[in-house]
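This report concerns only the one structure given below.
Rule-based calculations on the coordinates, nothing more; no lab input. Fair warning: this is a prediction, and the values are worked out from it, not measured in the lab. Neighbour counts are summed over all protein chains in view; Cβ atoms, including those assigned to glycine, are modelled from backbone coordinates with ideal geometry.
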Amino acid sequence: MNQTLLVELLTEELPPKALAKLADAFANTIEDGLKQEGFLAAESSKTVFATPRRLAVMISNVSDTSPDKAIRLKVLPVSVAIDADGNPTAPLEKKLASLGFPDIGIADMEKAMDGKTENFFYTYTAPGNTLASGLQAALEKAIRNLPIPKMMTYQRPDGETVEFVRPVHGLIALHGKNVLPVAILGLPAGRTTQGHRFLSQTEIVIPDAGSYETTLETEGKVIVGLEARKNKIRAVLHDKAQGDHILMPDSLLDEVTALVEWPVVYECHFESAFLNVPQECLILTMQTNQKYFALTDSAGRLRSRFLIVSNMETSNPQRIISGNERVIRPRLSDAQFFFEQDKKKKLEDRLPGLSNVVYHNKLGTLAQRMARVRILAVSIAEMMHIDTKLVERGALLAKADLLTEMVGEFPELQGIMGTYYARHDGEPEEVALAATEHYLPRFAGDILPGTPTGTAIALADKLEALAGIWGIGLQPTGDRDPFALRRHALGILRILIEKKLPLSLRALLSSAVGILATNASFRDPTAELIPFMMDRLRGLLRDRGHTPDEIEAVLAQNPDRFDNILDRLDAVKAFAALPEAESLAAANKRITNILKKSDIRAGMVQTDLLEETTEQKLYASMNTVKPEANQMFSQGDYTGTLKVLAQLRDDVDAFFTHVLVMAEDQRLRNNRIALLTELHNMMNQVADISKLAA
């Protein structure tokens, strides 16, 4: 009989940041175990549940028995199983007994080759398993394989010592209305669970598997689904915000969802005087320490009110509200104190302290690193034709806030606080902003530096880290990248591409390598970094929606600048959509292969050697479209360039139909190679369109 299956583990409060991962692992392992044994139907579906105090899974259309299964056992090699007269040997009888088939004879088995050896095999039908037995095995595996970073050892009331992430108090295993006779961690399965600690009765009876979710919600004051709780929290937060913007990072919403079973949102306040502190400090304090949701107005200014998600519903929440307001006040006072203390010392006066901070034992102190960054940033500023004095000053002060009390308390504010303190010190605005901007982009999709000064220092900071760390042999391996070199590489590429900076990647790397070259532990990593960067570039462009063929068409030219790479990709995409594209791409591929195999050094095309009408016409057409194509290319109109060249399709096709390139006459052959070389150069100045050929 197919019915819904429910399994629930009732526990003490589970670690909130790991709850979703634990729930998925628990549910997936049980589902996989039952599926492998044949208990699930094709239309079976799984629902995962998780609250601070429970992990649960509900699976529809689960059979109470698994199907019979044909099993083919390898017994023994024939040479071992029978003697010279064909009679069974003692080893065969012993083997069959150990397999549980002492009464079968040689006639009941089949001979078959297994590799180079002939063996006896026995095939039999094993009866289906019971759901209780199958679930017991799946449940044990689920418990054993949960991704638990640290186990907790505790003693059950009966004296049994148990290890699990948190103490377990109950187990439900229902198949429809029936309790399955399984047990885990010293607990037999039943149909009772517990509702909310304070808002419901002690025990909740689940009448059948399908009513689990509604029973817990109506009787137990527990919203058992993670997504359902999250959606309710999000909706109530928006309602309570009354038009203000809620600062609701996904990580905070996920953690709060994992902390409550019956979410209720209350509004709280703090003294307006705290708004004189940089709002990033207050927001981080509220989010990190207290799991509160800060509010800003339409202009992005922090409000002195905030929202909390409580696990308690009450008609008189004043004690909850005042308690949370009382808790946040010392935190905000600490932030205010750190800010006022830090302002008493200028950023420039903190610079000597960077000499006491080791960056890496092979690369020196943070002061030495920033001296390299400063030199590199000035070099980049010269390439960009921007104010080198602002860049030098910005690079000098960029990391000074690492020695402030505020950043010591909240490392996430590095750079942000540097901007506030630089402004307080009277530094130019671009210098102040560079403290924040030189870290950008910090993650995929993050904003880029907004000022030329910040852009130059951001490039320098990432290039120095990439070249320096790689150059001492600490390049990424597999999925390990402790120094975030992949992120640095992507940051460099995004800045060059999105800001359309006409800078050479090889020149930038050369500058970074040159500054590091005096270090005895350093070796030039350029030969490895270039392909590493190009692989990152491929991934970046794929994420932007470009196909592998389009990307390879552009990268086949080994570009060293990326300011126009998106325009080239758009041109290739537009060209690929033209009706002429397929034929021209195939022809270009053919030309490429001919030129690779030819050892002829192409010279100028000699018109008097163009004997065939089709080669004369192709050459004339090339000269007709060439001026317009070159003009469009020089103007950066790459799409227009390729569309003009597409006009050559018919003449190119006719050429290959009627002209023998490798003619016996050496002069004709050389001239036709020269013609194809010129055509190849024209067609591939935007991208190698042969990469689009099937």
| field | Span per principal axis, largest first, for the Cα atoms of region 1-90 (Å) | value | 70, 31, 17
| request: State the Cα centre-to-centre distance between region 1-47 and region 445-503 in whole Å. | output: 42
| remark: Here the equivalent ellipsoid of region 575-694, derived from its Cα gyration tensor, has semi-axes (largest first, whole Å) of 23, 15, 13
| remark: Out of 621, 10, 584 - ranked by how far each Cα lies towards the positive end of the dipole of the chain, with unit charges on the beta-carbon of charged residues - the top one is 10
| task | Scan the chain and note any complete DSSP helix (H) whose C-alpha atoms cover at least 15 Å along its axis and whose Kyte-Doolittle average is 1.6 or more. | result | 505-516
| field | Gap separating the Cα centres of region 146-223 and region 64-104, nearest whole Å | value | 45
| said: In whole Å, what are the extents of region 66-151 along the principal axes defined by its C-alpha atoms, from largest to smallest? | reply: 60, 29, 22
| task | From the P(r) of region 369-486, can you give the percent of Cα pairs sitting at distances over 26 Å? | result | 19
| request: Using Cα pairs closer than 8 Å and at least 6 residues apart in sequence, work out the relative contact order for the chain, in percent. | output: 8
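Length gain on complete extension for the stretch residue 32 to residue 235, per 0.36 nm per residue less the alpha carbon to alpha carbon distance?
Gain on stretching residue 32 to residue 235: 69.6 nm.
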| According to a simple spin-label model (label point 7 Å from Cα along Cα-to-Cβ), what is the distance in nm between residue 635 and residue 104? | 8.3
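Using only alpha carbon pairs under 8 Å that are at least six residues apart, calculate the relative contact order of region 278-425 and give it in whole percent. Present the calculation step by step, with values, prior to reporting the outcome.
Details: 137 pairs, mean separation 31.4, N = 148.
Reported relative contact order: 21 percent.
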| request: Grab every C-alpha pair in region 232-353, bin the distances at 5 angstrom width from 0 up to the longest one, and report whole percents. | output: 2, 10, 21, 21, 19, 11, 7, 4, 3, 2, 1, 0
| said: How big is the dipole moment of region 203-311 about its Cα centre under a simple scheme where the beta carbon of each Lys and Arg is +1, that of each Asp and Glu is -1, and everything else is neutral? Debye, nearest 20, please. | reply: 420
| query | Which peptide among 641-652, 607-618 comes first, and what is the full order, when sorted by highest mean count of other Cβ atoms within 10 Å? | reply | 641-652, 607-618
| said: Going by average Cβ density within 10 Å per residue, which order do the peptides 537-547, 129-139, 472-482 take, highest to lowest? | reply: 129-139, 537-547, 472-482
| request: Considering the convex hull of the alpha carbon atoms of region 103-233, report its projected area averaged over all viewing directions, in nm², one decimal. | output: 15.1
| task | Quick one, can you get me the convex hull of the C-alpha atoms of region 15-167 expressed as volume per residue in Å³? | result | 196
| query | Can you list the residues, at least 5 places off or on another chain, whose amide H is less than 5 Å from the amide H of residue 605, using H built in the peptide plane? | reply | none
| said: Using the Cα centre of the chain as the reference point, and only Cβ charges (+1 on K/R, -1 on D/E), how large is the resulting charge dipole? Debye, rounded to the nearest 20. | reply: 1340
| said: Give me the net charge for the shell around residue 131: Cβ to Cβ below 12 angstrom, other residues only, Lys and Arg +1, Asp and Glu -1. | reply: -2
| task | In vacuum, with every alpha carbon of the chain counted as one equal point scatterer, what does the Debye formula give for log10 I(q)/I(0) at q = 0.07, 0.08, 0.12 Å⁻¹? Two decimals, please. | result | -0.83, -0.97, -1.21
| remark: If exposed means chymotrypsin sites (Phe, Trp or Tyr not before Pro) lying in a DSSP loop and surrounded by at most 14 other beta carbons within 10 Å, then the longest stretch of the chain lacking such sites spans residues 444-694
| note | The rounded separation in angstrom of the Cα centers of region 590-622 and region 660-688 is 4
| query | Counting other Cβ atoms within 10 Å of each Cβ, which GluC sites (Glu not before Pro) in region 393-452 have at most 14 and sit in a DSSP loop? | reply | none
| field | Sum of side-chain charges, residue 254 neighbourhood, beta-carbon under 9 Å (Lys, Arg +1; Asp, Glu -1) | value | 0
| remark: The Rg/Rh figure for region 507-616, Cα atoms and Kirkwood Rh, to two decimals is 1.13
| Estimated FRET transfer efficiency when R0 is 60 angstrom, pair residue 620-residue 526 (beta carbons, to 0.05) | 0.85
| task | For region 88-153, build the charge dipole from Cβ charges (+1 Lys, Arg; -1 Asp, Glu) around the Cα centre, then report which of 138, 122, 96 sits farthest towards its positive end. | result | 138
| query | Is the shape of region 159-252 rounded, prolate or oblate, going by the alpha carbon gyration tensor and its root eigenvalues a ≥ b ≥ c, with a/c under 1.5 for rounded and a/b larger than b/c for prolate? | reply | prolate
| field | Dimensions in Å of region 454-504 - Rg and Dmax from alpha carbons | value | 11.6, 32
